[in-house]
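**Q** Dropping a structure here in structure tokens format, bear with me for questions.
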Amino acid sequence: IPHAAVPNGHVRTHNQRGTAALEGVLPGMPDLLIFRSPPAVPHAKGVALEMKRATARAADVRKKQRRVLGMLEQEGWVTVIGYGAADALVQLHVLGYDLGYEPVDVPFPRRVATLRKEIAEAMNAPS
């Protein structure tokens, strides 16, 4: 699956942030971009995945991150916030990506059901 990690997460000095901005680094970019449409949402351009700790809350997604995720959604991307690696893998699986194995849905049955419903609604939404 063609993808790229976005190295925005590390701490920078004031001068380094200025240089990064001049180079086109956009604060709030998601951690991983997948450049292949998810099989469950074939009209999407790709998937933008923001990773958070498994113990995080939705409120832990920063304002800049929400802004960029919203911008990507408007441009036809599916955006996902993974709360830990297991949650992210389950979401990618529900989106139809072949992970080479079946992630265990048992810890996340409600999450999987909700994701499947959201994907079905997105597939019926006008493009």
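**Q** Given the protein chains as shown and a 1.4 Å probe, how many square angstrom of H3 are accessible, to the nearest 10?
**A** Rounded to the nearest 10, the figure is 110 Å².
**Q** If M29, M71 are ordered by their accessible area, calculated over protein heavy atoms with a 1.4 Å probe, which sequence runs from highest to lowest?
**A** M71, M29
**Q** Further question on the same structure: If you place +1 on the Cβ of every Lys and Arg and -1 on the Cβ of every Asp and Glu, how big does the dipole about the Cα centre of segment 1-108 come out, in debye to the nearest 20?
**A** Once rounded to the nearest 20, the dipole reads 600 debye.
**Q** Right, another one. Label E102 and K63 with points 7 Å out from Cα along Cα→Cβ: what is the distance between them in nm?
**A** For the pair E102/K63, the computed spacing is 4.5 nm.
The values are calculated or read from the model by the stated rules, or taken from the named source; none is laboratory data. Since the model is a prediction, treat every value here as computed from it, not as a measurement. Please note: Cβ atoms are built from the backbone with ideal geometry, for glycine as well, and neighbour counts cover all protein chains shown. All accessible areas refer to the heavy atoms of the entire protein, side chains included, with ligands and DNA or RNA removed. Shrake-Rupley method; radii C 1.70, N 1.55, O 1.52, S 1.80 Å.
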